[in-house]
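> Below you'll find the structure I mean.
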Amino acid sequence: MPIKLEQVDFVYAGGSPFERAALKGINLSFLDGEFVGIIGQTGSGKSTLVQMLNGLLKPTRGTVTVNGLVTTAKGVKLKSLRQEVGLVFQFAEYQLFAETVAADVAFGPENQGVPASEIAERVDQALLNVGLPLEIKERSPFELSGGQMRRVAIAGVLAMNPKVLILDEPTAGLDPRGRDEILSRIRELHRQRGITVILVSHSMEDVARLVDRLVVIHGGQIVYDATPREVFAHGSSLKTYGLGVPQATEVLGLLKAKGWAVPEVALTLDEARQAIVRAYQLRRELA
Amino acid sequence: MSMMQQITLGQYLPGKSVVHRLDPRTKLLMAFGFIMVLFIITAGWVEYGILGLAALLIIYTAKLPLGMVLRGLRPILIILSLTIVLHIFSTRTGTLLFRLWFLEVYSGGVNQGFLLAARLVLLVLSTSVLTLTTSPIALTDAIEFVLKPFKRIGLPAHELAMMMTIALRFIPTLIEEAERIMKAQLARGADFESGGLIKRAKSLLPLLVPLFISAFRRADELAMAMEARCYRGGDGRTKFKVLRYTKLDFYAWTCFVAVSALAFYVSYAL
């Protein structure tokens, strides 16, 4: 399910006084099995970009090609495309509607025309995948806690067995534990099933820890598209985009400014710790 | 753009023209006054010509695109054509113009039909100009002011205005929300368009249930936030944006009185 965007522009409310360009000349492609992070300020066009990837929004100019299908082509079956590219929206718990958790998770596969016997199986699997106990299946989704509702909503997309999973800020507003759990589940899914995962996030720590490739978007344009390590080496320019670097990198930067022999970037706390210990030992030896 | 964003209520067009800067009370009362004058004066081409010219002048000074103003006439197109057709065939005054089988068309009917249509057009134009140049919030303030005298007979003027303000405030929010939920369900393979009536109504459930739940949640939160800030109705409440008449309003009223007087003069004295 490779996805390719070529020279994509997107304009909201075109032709009216409220016209606003959300994306400008985007060239981007996602390969099978990648784990890609997208970061950018609020209003930078991240959410618009991900909605292009399953045909919910169509480019004003340029083309989006998903698995060889151009979303703007006439007579293209967007419904089948959307089953392959699962999109979990921001605050996904607000889309829950059914009387029971099971019925809500089954909504996607039902729309796909999956046979009933298989649906039950998929619902169980999806709930387990997001770390929910199967006992809650018959409960109303509205009785659950916010974090549980979010997981049910993610399960609703997972149950469709998408080949590409897009998550738009899946952890916004969750407590740290809920956040870590959801993210590690997603990473597991990525490793086990080899699905492509595209993660939109505000958290530099999360993307640093998880993704193989990081896309930075600012003012509707792509400013960086590289590994997290390469991107976070541009700390000062990231700050001008209203973003930052992971705290681990931040600490190394401060030490480096004081003359310590540490690398510029550390993606995880562990990595930073090791680098600092090494630099400390080096200083001791020199002294 | 999506269909949702095209549904606008009271389609306010922000601007800085003289008409935009008038006090909303002036504009509201003038729109009322204009309609009154329209109905009191005798129907005639000269009279309507004067009022129509005045309306065009206002549209011009407000820098409103004429196309946008005329688009406001679209909903009454059917009523307009019906008015004209019915009058043409039912009024039997003046000279016989032509006969079509059993239908007879008289000059009086044609005249009457078009005059009444002109009256309807002017009626709608005056209210469109009002809503196009006045923000919904300013308009509610004006309505509250106009309703105040009726408080004595138990009309909750402030509460009504507050309800309107809140409703207006939340229309875009709910539209946005509806659009978001719709997209989320589309992403899960929902189909809002195909199928028979029952299937289509049923397919709306995944949209309506979350929308209602979020509307109730928002109402709850808003009530709580208002109470937390000691809201307790209109008594003794001062305004952040105090409405003030300016010289502009004085000039506007002068023009209004002059035009109305002219129309009355033409209508009754000539």
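The values are calculated or read from the model by the stated rules, or taken from the named source; none is laboratory data. Being a predicted model, the structure only gives us computed values, none of them experimental. Backbone-built Cβ (ideal geometry, glycine too); neighbour counts: all protein chains shown.
> From (1) free of Cβ contacts under 8 Å to residues at least 12 places away in the same chain; (2) crowded, with 23+ Cβ neighbours inside 10 Å, pick out the condition that doesn't hold for A:His234.
(2)
Table: residues versus (1) closer than 20 Å to B:Phe256 by Cβ; (2) modelled with pLDDT of 90 or more; (3) surrounded by 20 or more Cβ atoms within 10 Å (Cβ to Cβ); (4) in the same structural domain as B:Thr246 (by TED's automatic domain parsing).
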| position | (1), (2), (3), (4) |
| --- | --- |
| B:Gln6 | no, no, no, yes |
| B:Gly10 | no, no, no, yes |
| B:Pro14 | no, no, no, yes |
| B:Arg21 | yes, yes, no, yes |
| B:Phe34 | yes, yes, yes, yes |
| B:Phe39 | yes, yes, no, yes |
| B:Val46 | yes, yes, no, yes |
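> So A:Gly147 passes all but one of these: (1) assigned to a helix (DSSP H, G or I); (2) at pLDDT below 90; (3) under 30 Å from A:Asn67 (Cα atoms). Which condition number does it fail?
It fails just one condition, (3).
> Right, something else. Report, by residue number, each residue of region A:270-287 that is of a type in the set (A, V, I, L, M) and either over 16 Å from A:Ala248 (Cα atoms) or in the same structural domain as A:Glu205 (by TED's automatic domain parsing) (or both).
A:Leu282, A:Leu286, A:Ala287
> Something else: Within region A:228-249, track down each residue that is part of a helix (DSSP H, G or I), of a type in the set (Ser, Thr, Tyr) and out of contact with any Phe, Trp or Tyr (no Cβ under 6 Å at 6 or more places or on another chain).
If the condition is that a residue be part of a helix (DSSP H, G or I), of a type in the set (Ser, Thr, Tyr) and out of contact with any Phe, Trp or Tyr (no Cβ under 6 Å at 6 or more places or on another chain), then A:Ser236, A:Ser237, A:Thr240 are the ones that fit.
> For region B:165-193, enumerate the residues that are more than 10 Å from every other protein chain (Cβ to nearest Cβ) and in a loop (DSSP other than H, G, I, E, B).
B:Phe192, B:Glu193
> Tell me, please, whether a residue that is in the same structural domain as A:Phe232 (by TED's automatic domain parsing) and under 25 Å from A:Arg191 (Cβ atoms) can be found in region A:56-68.
Yes, region A:56-68 contains at least one residue that is in the same structural domain as A:Phe232 (by TED's automatic domain parsing) and under 25 Å from A:Arg191 (Cβ atoms).
> Oh, and also: Can you pull out the residues in region B:131-151 that are surrounded by 15 or more Cβ atoms within 10 Å (Cβ to Cβ) and either free of Cβ contacts under 8 Å to residues at least 12 places away in the same chain or not in a helix (DSSP H, G or I) (or both)?
B:Thr134, B:Ser135
> Exactly one of (1) surrounded by 15 or more Cβ atoms within 10 Å (Cβ to Cβ); (2) in contact with a Leu (Cβ under 9 Å, 6 or more places away or on another chain); (3) outside the structural domain of A:Gly62 (by TED's automatic domain parsing) is unmet by A:Leu267. Its number?
Going through (1) surrounded by 15 or more Cβ atoms within 10 Å (Cβ to Cβ); (2) in contact with a Leu (Cβ under 9 Å, 6 or more places away or on another chain); (3) outside the structural domain of A:Gly62 (by TED's automatic domain parsing) one by one, A:Leu267 breaks only (2).
> A follow-up question, please. So if I check each of A:Thr240, A:Thr249, A:Thr196, which one is closer than 20 Å to A:Pro170 by Cβ and polar (S, T, N, Q)?
Just a single option satisfies the conditions, and that option is A:Thr196.
> Considering only residues that are more than 18 Å from B:Tyr12 (Cα to Cα) and touching a residue at least 40 places away in the same chain (Cβ under 8 Å), look in region B:48-107 and name the one that is surrounded by the fewest Cβ atoms within 10 Å (Cβ to Cβ).
The extreme case among them is B:Ile79.
> Say we look at region B:203-254 and pick out the residues that are in a helix (DSSP H, G or I), charged (D, E, K, R) and not assigned by TED's automatic domain parsing to the domain that holds B:Leu22; which of these is surrounded by the most Cβ atoms within 10 Å (Cβ to Cβ)?
For region B:203-254, the residue satisfying everything is B:Arg218.
> Within region A:120-148, take every residue that is of a type in the set (A, V, I, L, M, F, W, C) and without any contact (Cβ under 8 Å) to a residue 40 or more places away in the chain and give me the one that is surrounded by the fewest Cβ atoms within 10 Å (Cβ to Cβ).
Ranking the qualifying residues of region A:120-148, first place goes to A:Leu134.
> Please specify each residue of region A:162-193 satisfying the condition of being of a type outside the set (D, E, K, R), at pLDDT below 90 and in contact with a Gly (Cβ under 6 Å, 6 or more places away or on another chain).
Residues satisfying the conditions are A:Leu174, A:Gly178.
> Only one of B:Gly196, B:Gly154 is away from chain A (no Cβ under 14 Å), loosely packed, with under 14 Cβ neighbours inside 10 Å and closer than 30 Å to A:Leu158 by Cα. Can you tell me which?
The unique qualifying residue is B:Gly196.
> Can you tell me which residue is nearest to the chain's Cα centre (by Cα) among those in region A:94-109 that are within 12 Å of A:Val157 (Cα to Cα) and more than 7 Å from every other protein chain (Cβ to nearest Cβ)?
Looking at the filtered set, the residue picked out is A:Val105.
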